[in-house]
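A.B. asks: Handing you a structure now.
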């Protein structure tokens, strides 16, 4: 495969201090089928080039190729390689390095369940050697964020660099980069990441991948205004590992439920991930096992094996979204990947179709990693693409905006109207039955707005050729969606105002009533923490455009639960508490305890950290675990003490009422 190195890629290679010319680099990277003939020195050079370009956001190969082809080949030829024993550096910034407060290591990788089993056996063996009760051998599982590794000591933010020396990138904090989940500074190691949903909705038309953005966030030069806006909107964050969503449990349960845990953790965060991280939680065991020069022995990363195939594109067809953007979908020669037959893949945008030559007859490299949606990794043989001139839904002449094609017919384009209706019902989450086929049928029968859908009765639906029973169910669902309680922020988000997703709807309604937001000025929004001027202007215009439809629907009488106003004191017993339940409970199942605690205002943790405020213990909890919690300043209650506290609060509340 012929590789064409861009100026950006060559710049990243140069910044990494790799001495190789464009011609030689191209020759090495273009012969992936003959890598068996490469010397260890050539393989190391290829890996250094791939690592440098990946860290800079301009990768020359997929991480699957990197791990499963080139790293494996080097391991076979030179298992004592210095490169394999060192932390893969992130030298993408032209500035001096500084010593890191702590050493930041890489993570050992596994690609099969058998490798995970072998790792667990090593943990068990080590636990027995230090007389650790195996009942206390717990595993914590978190998403493996695919971001930019960094360390926050409370004063400075550092890149990981080579694990010992990194670069001071505190400028990212000064630009407004916040800690995820409202966390505090000084939370140690983590990743700089951007929300997937935000990237797809706001930035995918301007940047090819999220890594381009991660590298730009920490750049010394002035950053793109769109990236600054993403920082201001809270979409770009530093995510400390200790705050990650996690599953924590006994090692035997971890092995038994591995696939289930993998699925849960894979979907736990709205950020790009490329696997999961599993680690022992016992501090004594971690100290005993220690680390190699490169990895902690008590930690492992599981990455889902990916399959790569070269596929012929049969056609590229446009699809119009509710915002009017035309998304190119490649129809592929049916190909089996990761146990599924793949015949379609979304292309980034029509700018990519045009520049990469994706069209009928093109040969592309398709990658699918287990649970991940298949994507076109690269174009091997280009063709002259067919760029649509008309919207496929309403035949309006389309227009370019950056790398995207848009249908400007916002009022009479069926695809935009239908997708807007589907977005409404999908976002409400309290109404069933109004999927794509039903919405399409209703629209084709002359219903053009959401409030008109709510005025439908059984007779009208039957006239549209729905069955009588189906019609009755649809009317019942419409009534239920108005009667069942729903958060006011979710109701507002259902209208799909650009830049006003669920999180920002909630933030807006923490300060203003849902019926007052249409009277807000741009300045009113900017005064709310997290609302940048550009976003506020877009939201202001968007709210004006939906105001009439909003009130037409609102006045139908929805049961809205008002968002708790910012700054108001809570009278919930456990408000502000971060509770961990551990051990076997006698008076109910642990999930029931957690659910009740949430209703009383608590947040639930899966393992004890420095941020935990209360540990509730059932039976069979080791003294070491309790002592470790106490050492961290955590309040510890047994099950009986906890239930007595809850009962006393409920009695007092009833007396006051």
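Read-outs throughout are calculated quantities, based only on the coordinates presented, and are distinct from any laboratory measurement. Nothing here was measured: the structure is a model prediction, and the numbers come from that model. Positions of Cβ are generated from backbone atoms using ideal geometry, with glycine treated the same way; all protein chains shown enter the neighbour counts.
A.B. asks: Sort 152-159, 489-496 for me by packing, meaning the mean count of neighbouring Cβ atoms within 10 Å per residue, highest on top.
C.D. replies: Ranking, from highest mean packing down: 489-496, 152-159.
A.B. asks: How big, in percent, is the set of alpha carbon pairs in the range 306-403 lying more than 16 Å apart?
C.D. replies: Values: 2553 of 4753 pairs.
Within the range 306-403, distances greater than 16 Å cover 54 percent of Cα pairs.
A.B. asks: Length gain on complete extension for the stretch residue 519 to residue 315, per 0.36 nm per residue less the alpha carbon to alpha carbon distance?
C.D. replies: 68.7 nm
A.B. asks: Could I ask something else about it? For the chain, what is the mean residue ellipticity at 222 nm derived from helices alone (per DSSP H run of n ≥ 4: -39500 (n - 2.57); sum divided by total residues; nearest 500 deg cm²/dmol)? Walk me through the intermediate numbers first.
C.D. replies: Values: 25 runs with 237 residues, N = 657.
Here the helix-only value at 222 nm equals -10500 deg cm²/dmol.
A.B. asks: How high is the FRET efficiency from residue 578 to residue 440, r the C-beta distance, R0 51 Å, rounded to 0.05?
C.D. replies: 0.65
A.B. asks: Right, another one. Which FRET efficiency value, to the nearest 0.05, do you get for residue 526 and residue 196 by plugging their Cβ-Cβ distance into 1/(1 + (r/R0)^6) with R0 = 35 Å?
C.D. replies: Numbers: r = 26 Å, r/R0 = 0.75.
E(calc), rounded to 0.05, equals 0.85.
A.B. asks: Also: Based on the Cβ-Cβ distance of residue 477 and residue 386, what FRET efficiency does E = 1/(1 + (r/R0)^6) give at R0 = 45 Å, to the nearest 0.05?
C.D. replies: 0.65
A.B. asks: Starting from 0.36 nm per residue, how many nanometres of slack lie between residue 637 and residue 604 once their C-alpha separation is accounted for?
C.D. replies: Value of the extension gain: 10.4 nm.
A.B. asks: Still on this structure, I have one more. Given contacts defined as C-alpha pairs under 8 Å and at least six residues apart, what's the relative contact order of the range 98-302, whole-number percent? Please list the in-between numbers first.
C.D. replies: On the way: 348 pairs, mean separation 72.0, N = 205.
Relative contact order of the range 98-302: 35 percent.
A.B. asks: What does the extension gain come out to for residue 124 and residue 173, with contour length at 0.36 nm per residue minus their alpha carbon separation?
C.D. replies: Working: separation 49, 0.36 × 49 = 17.64 nm, distance 4.12 nm.
Answer, rounded to one decimal: 13.5 nm.
A.B. asks: Relative contact order of the chain, please, whole-number percent, based on alpha carbon pairs below 8 angstrom and at least 6 residues apart.
C.D. replies: Relative contact order comes out at 9 percent.
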